[in-house]
Structures are given as structure tokens and as C-alpha cells.
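Please read the structure below before turning to the comments.
The values are calculated or read from the model by the stated rules, or taken from the named source; none is laboratory data. The shown structure was predicted, so the numbers you read here are calculated from the model rather than taken from an experiment. Positions of Cβ are backbone-derived with ideal geometry, glycine not excepted, and every protein chain shown enters the neighbour counts.
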Amino acid sequence: MTLFKKLFTLLLLVLSFASSAMDDPWKILDNSAKASHKLNYEGIFHSQTSSESNSTHIIHANIDKKEYCLLKMLDGAPSEVFSDGEMVYVKSQNRLIIKKRKNQFLFPSILPSDIDNLKANYHLLFGEKKRIADRMAQLIVLTAKDDFRFNYHIWIDEKNFLPLKLIVTNNKNQTIEQSSFTTIGFNKVFNKDIFQKNIDLSKLYENQNKNKFVENYVSNKFWNLKKLPSGFKEVDLISRRVNGLNILDYQLIFSDGLAYVSLFIRPIARGTEPKEGVVTIGSTNISARYQDGYQIMSVGMVPAETVSTFSGAIEF
Amino acid sequence: MNEKISSLFDSEINNKEVDTLLSKKNKMAGVRSSMSDYQIISDVMKKNTVLPKNNLTDKIMSAIDKEPTQMGGLTKVNSSNTATISFDMWPVLASLAVLVVIASTAFNIEVNSTSQSQLLAKEDIPQEIISAHHAATANNMNHFVQVGDSAQ
Amino acid sequence: MQPLKVVSTNSTVYNSSNNKLDNSKMEIKPVNPDRALDQKLVEKAQKGDKQAFSILVEKYQLKLYRLISRMVRDQSEIEDIVQDSFIKAYRAIGNFRGDSAFYTWLYRIGINTAKNHLVSLGKRPKAMDSNEIEEMENYESMSELRVSETPESTMMSNQIAETVNGAIQNLPDELREAISLREIDGLCYEEISELMDCPIGTVRSRIFRARETIAEKLKPLIETSNKRW
């Protein structure tokens, strides 16, 4: 075979690989979502928001088809978060709080299991490959198709698809939040005991989820929602008692798969002045609106226009 | 006129007739009084309990008269409540107007805000709202641990 | 919930949850006249016509009062809640876009205002299931009043009922028939004109004359009752 023929064959191989990759470029995100739940890994990642930065030690394992994750804060006050796939236990300063969390998208498990909704609302671009925590990673950029969400830059491990780095940028390309592994190792075998050594599950801890009255009450939705920003779907509804009174406030959670908005409907106390407007705290925008005795507030790491739209969508 | 009130009570009135009725401002008390009588007759005929209650319309409308007038989504303050402003104050007012426009743009204030609402400030936002949001949605553990700390 | 009353004529027929009934013999009118009038009044109120809003107040205050009386028993508290609800509705009228009927929107405000009132008194609002809320919103089914009545108010109610019924009995046949078809059978003017075989204008006039005749007899009693209640 001549050198020319060898080069031609190589070129065909490359093109064929590229073409299969381009058949459905979104497949890489699907693989990445699965990898973050299925793989065993241990490492340290660094997270930075507009107001602070911290390092976290993570051990993640899939044992007998059940997902376990232990996150330990390395900076500041000692604290741990343990998840067994259903419940989340937050241990901090000798207190343990148990939460049931429907959407456990803690880094690096940031991608939803259903990628289709992302296709409708984001453009997908392949960026440059880069070394992250001593591993080669492919940059995937999800840019918002409209003004209702930010842009997500995700570096995905070239070999096993785990997200190694995440940067969220706003429409001016300013970084809003980022997380990135500094060290990571795969395929270690973990024993269940290491996840539970600091948490005695036989003890009765404070459980934030026991509230039958609340569950019954939530079925009586007394509000209507007008048009919401494209792609945002209600993923959860939580209600809480207000200061021990027999009145509830409501937290509706919406997501497009990456961005999250909480919409709070809170009865306003007599004599309290309702608020209206939008403010930004760190990377979070908050919009407030008053209607019919209720203070409505939308909160999210999304553009101000998005939270305003959510607040304006409620009608009684 | 009175026949129109009866038709209005039955919602058997066209837009033009509504406009005519409402244009006679000085006769509105009579319109409401007739409607109130018709309501009692209707209740008796339907065997509904006739209410031992006061007619609240005058009381309600007197309170509403103190409210800013709705102007197609905007609100207009009643002229009786508006202070008279001399011409030499206009430069000051103009500056204020510019500030309001800038604030409106920066904070995205809705133009149809209710009259009694105050502009949202950072300190107005309850910490538990931010915490509850992060507890349910954050992908950054920093937020999550802080939520655990503040949840008690 | 009240049993469904079907009107076998050519108007739109609604059941108690306001769903259209399937009846192939009926010609369906596209617009509910009650809702169309409300929308017209709302639009005028949105443009600054407070008189238009006063018609809505007159039209719905009693129905709202009945609604609230299912949650709160004290008459003066109910009146305060009704007043608060209308003021809140007026403040928010600019946001009303007509996606729902005005009365549905108003009733939601009323229910929330009543709940907040109960909470401010340290009372627990009754948790309602969706059927109850639907029933409360369906004002036609709410003839029963649950407010505390005094012997005096009951006596006055009875006197009013006797006066109205006596006046109806003394009406000329065509006036009594017209107002009965309207108030008791719930027919629209067009339906009454077909049944009575007369023009709609005559129906309009007969109903008005019937009302005025009854109201004339009622007036001294209402004036007295306003002083006493």
C-alpha cells in the first residue's frame, strides 16, 4: 500500500468516526448523564460562586445497583452530605438533617436523564479538548436559544463521559458559577460502610419530610399558571407551614433540565408591605410581585427576565 | 333607562346600551339600587335565603374611590390626592423621572404594580427562600451545606 | 352540587360545573352572555371607569357574601372580607386578562381573603378538596346561607318573601309568566320570546314591568329593614 493510500484510508476512518459522532451529537450528553450515576469514582473538586470558593472531596459508587455518594467539605466548617439515592443527609456542626430531594443534581451529576428537553432549548457546540485533573476532556457548550436561560460549558471525560468541569456563563459571557475536578480516580471498589460510618441511620433524626397535612393540602392548587418560558416544566411542589400557623406557603420548582426556578407563593402577613421588583444576589436573581394577599417570589440562577416571567405567570 | 337596568341585571344588554347606561354618572346610584331590589326578588323566587345584610356597594365604592384609577394597566392617582407643583420644581422632577426610568430598567419594575407595593430590596428577601431554593435545586454543594446549617 | 337543570331550547346549556352538554338538537351559542357582559365591564374598569366596576360589585357582592358565609359566620366579618376582596380585585383588575370568568377570579380572591382573615385570627382555615372549591365557585348551587341569623332577621326575611310572593300572585298573567320563566326556569330572553310567542322587546318590557311592580311593594319594607339590619 502506498503512503497515499494509507493516508486516504486513515482519512476515511476519521471521517467515518466523525460522521457517526455527528449522527446525534446529543448522545454524548446522554452518555454523560448515565456515567455520573453509574461510575465509581473518588476525587476532589473545586467550586466557585460569585461570593465564595470551596473544595470538596467526593466518593461516588454504584453498589448492587444502588447509588451512593459522600461529599465532604474540605474548607470552612466540617460538613458532609451523604446520599443513598433517595434521601439526602446533611451533617454539619454535629447536626444531621435529612431531606428528600427529588432533583439530586449535585456536581458532577448535573445532566438530566432526559436530554430531549435540552435539544429544544439549547444549541450544542463541540469545543476544544482540554486536560482537566490529568484527564482529557471534550468541551461541550450548550448555548441558550432564547434569553430565558444561561449557557453551560461542560468538559466531559473523553473515555468514560463523566463531567469533569462545569462553567455557567451569562449572556455577556461572564462566569456565574463553576466547578472543576482537581484530582479524580476511577474504578475503585468501595464498601457501603464507608458511606455510613458517620451517620447512624438507626437513630431517629430530624426529618423534614414528615407532614401529612401539607401533602393533603397541596392537592388543592388554587392558582393558575399563564405561559411560562419555553421548556420549563414543573418538577416539584413543596409546601411549608408559615411560622407554626395553619397556613402554608408553596414552592413550585420548574426546570428545563439544567436551569432551575423556584416560584414561591406566600400568604402575606397583615400589616406587611408587599414588595415588587427584581434584585440580584450573587448569581441568583429574585423577582417579587404581589397579588391578592400573596407575595409571589421567583428565585433562580437564570436571567432576571426569566424570574420576572415566572412571577407574572401566577394568577388566582 | 329602567328597562335597560332590568336587562343589565339579566345580562341581556348589548355593548352600546352598557355604554349609554354607564355614561349617566349621576344616575348610577339609582341603577345600583334597582339592581339590589331585583336581586331580592330573584332570591325570593329562587327560594334562596334573603340575606339579612347591608348593601355593601356604597361602602365598597367609597373605599375604591380612594384607590388610584386604573388606566389600562397603569394607575392614575386621583386628582384630589395630587399635590399642586409649581413650575420651578420641574427640573427637580425631571431628574427624579430620569432616576425612576433608570431604576425601572435596572430592577425591571412592572408598570402595573399595585399601588401599595414597595420596591423590592435585597434585605426584603427572606433567607429561608434562598435556602429553600438551593436545597431543592443547587448543583453546588456549598449552597446545600449552608441550607443544612440554616434549616434549623 | 345541585342536579342539572336542562333547558330544552336553542341556547347553550351548561351543567353545574359549567361544561357544555352534548345535545345535537341544540344550537350552541358561542358566547355566555353573562361572561361577555362581565368582560365588557372589566375592560371599562381597566380603562378607569369605576362605575363599570360598581356594577360588578352590585352583581357579585351577594354571591361573594354567600361564598364567604361558608367559611366565616360573623356577619360583620363577612362584610369586611367581601369589601377587602372587591378592593383587592380592583387593585388587580389591570392584570385580569379574561382567561377565566370574572366571577371565578373574584371568588378565588374571596376565598384567599377569607383564609387570610381566619389565619390572622389564629383560626385554622378549613382545607377544601377540589370538589368543594368547584362547588363554592359555582354560585348557582349556593342558595343556602350559613351566616348566623337572629330572630329579627329571620322575621324580616319572611316578611320580604311574603311581600314578593303576594306581589307576584297579583301580577297580570303575561308579566308573571315572563318573570317566572326568567327567574325560576332560568331562560334567556330569546327562549322566553319563543315560548310566549312574542318579540324579544316585549319580553324585555314584561320582565321589567313585573320587577318594577314587585319592587314598588317591596320598597317600604326594604327601607325599614335597612334601618334595622
- Residue hits (region C:104-141; small (Gly, Ala, Ser) and either within 13 Å of C:ASP80 (Cα to Cα) or modelled with pLDDT of 55 or more (or both)) are C:GLY110, C:ALA114, C:SER120, C:GLY122
- From A:GLY277, A:GLY282, A:GLY257, which residue is more than 14 Å from the chain's Cα centre (by Cα) and buried (at least 24 other Cβ atoms within 10 Å of the Cβ)? A:GLY277
- Note on the structure: Flagged pairs (Cβ under 6 angstrom, 6 or more apart or on separate chains; first in region C:91-118, without any contact (Cβ under 8 Å) to a residue 60 or more places away in the chain and more than 8 Å from chain A (Cβ to nearest Cβ); second among the β-branched types (Val, Ile, Thr) and in a loop (DSSP other than H, G, I, E, B)) are C:ARG91/B:THR114; C:ALA114/C:VAL72
- Which numbered condition trips up C:ILE184, out of (1) at pLDDT 80 or above; (2) within 11 Å of another protein chain (Cβ to nearest Cβ); (3) in contact with a Leu (Cβ under 8 Å, 6 or more places away or on another chain)? (3)
- Item | For B:TYR38: the one exception among (1) more than 7 Å from every other protein chain (Cβ to nearest Cβ); (2) over 20 Å from C:VAL42 (Cβ atoms); (3) surrounded by 15 or more Cβ atoms within 10 Å (Cβ to Cβ) | (1)
- If B:ILE64 passes every condition in (1) in contact with an Asp or Glu (Cβ under 7 Å, 6 or more places away or on another chain); (2) at pLDDT 70 or above but one, which one does it miss? (1)
- Go through region A:146-170 and give me each residue that's in contact with a strand residue (DSSP E or B) (Cβ under 7 Å, 6 or more places away or on another chain), farther than 16 Å from A:SER255 by Cβ and not in a strand (DSSP E or B). A:GLU158, A:ASN160, A:LEU162, A:ASN170
- Note on the structure: Here the residues within region C:168-204 that are touching an Asp or Glu at 6+ places or on another chain (Cβ under 8 Å) and under 19 Å from B:GLN39 (Cβ atoms) are C:LEU181, C:ARG182, C:CYS188, C:TYR189, C:ARG204
- Message: Quick test for you: out of A:PRO303, A:PRO229, pick the one residue that is touching an Asp or Glu at 6+ places or on another chain (Cβ under 8 Å), over 23 Å from B:ALA121 (Cβ atoms) and modelled with pLDDT of 90 or more.
- Response: A:PRO229
- Message: Being of a type outside the set (D, E, K, R) and not in a helix (DSSP H, G or I) is true for just one of C:LEU181, C:LEU171. Which residue is that?
- Response: C:LEU171
- Item | Pairs with Cβ under 9 Å, 6+ apart, first in region B:14-27 and at negative phi and at the interface with another protein chain (Cβ under 9 Å from one of its Cβ atoms), second outside any helix (DSSP H, G or I) and surrounded by 13 or more Cβ atoms within 10 Å (Cβ to Cβ) | B:LEU21/B:ILE13; B:LEU22/C:ASP49
- Message: Considering only region A:46-55, I want to know if a residue exists there that is within 13 Å of chain B (Cβ to nearest Cβ), crowded, with 20+ Cβ neighbours inside 10 Å and at pLDDT below 85.
- Response: yes
- Task: Taking only region A:83-103 into account, find how many residues are more than 17 Å from A:SER36 (Cβ to Cβ) and modelled with pLDDT of 70 or more.
- Result: 3
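Residue by residue through region A:262-300, note down the ones that are touching a residue at least 40 places away in the same chain (Cβ under 8 Å) and more than 8 Å from chain B (Cβ to nearest Cβ).
The answer is A:LEU263, A:ILE265, A:GLY282, A:SER283.
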